[in-house]
Amino acid sequence: MSDMVTNVGLDHLIGQQVTQVFPGDATSAYTIQMDSGLVITNKDVDNGGDPPDIVGKTLCTVIYSELDTQLQFGITTTDAVIEEVMVTLSPTLYTIGGIEGQEEEYYPQIPQELQDALPPDPSTDRVADGPEIP
């Protein structure tokens, strides 16, 4: 994984328009497709909510904090943002993918050395046992 190009952050997507929003599956809440081909995937399946209504809107601002990452989408004019929609992501539970020459998605707010140390996601191997009856 260390050969990956990981210098693209959400700030690089400011000014790009959303072309599609895909509903999630067992591993993601939803995926946002930008006009450049890059995708932002919300991996927070517990708190991701429904996919936002942002198709056709432009990413205007990204606000980072230790608790959340907020994306402001809207229709822009020369001096204002209209029809604003805020999308909130957990800083460690979203990925960016679709970067040319890169097959894998990556977590831009998790340092690369920590990503390299993480074991593979065991979600597909987990089987939930029912409650034990005394």
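Laid out as a table, the results:
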item: Whole-Hz couplings from phi, Karplus 6.51/-1.76/1.60, listed for the range 12-26; x for Gly and Pro; result: 5, 9, 4, x, 8, 9, 7, 9, 7, 10, 9, x, x, 9, 5
item: Cα convex hull of the range 10-102, projected area averaged across orientations, nm²; result: 6.1
item: Peptides ranked, highest mean first, by Cβ atoms within 10 Å: ranges 54-63, 29-38; result: 29-38, 54-63
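Throughout, read-outs are computed from the coordinates displayed, never taken from laboratory work. Here the structure is a predicted model, which is why all the values come from computation and not from measurement. Counting neighbours? That spans all protein chains shown, and the Cβs are built from the backbone with ideal geometry, glycine included.
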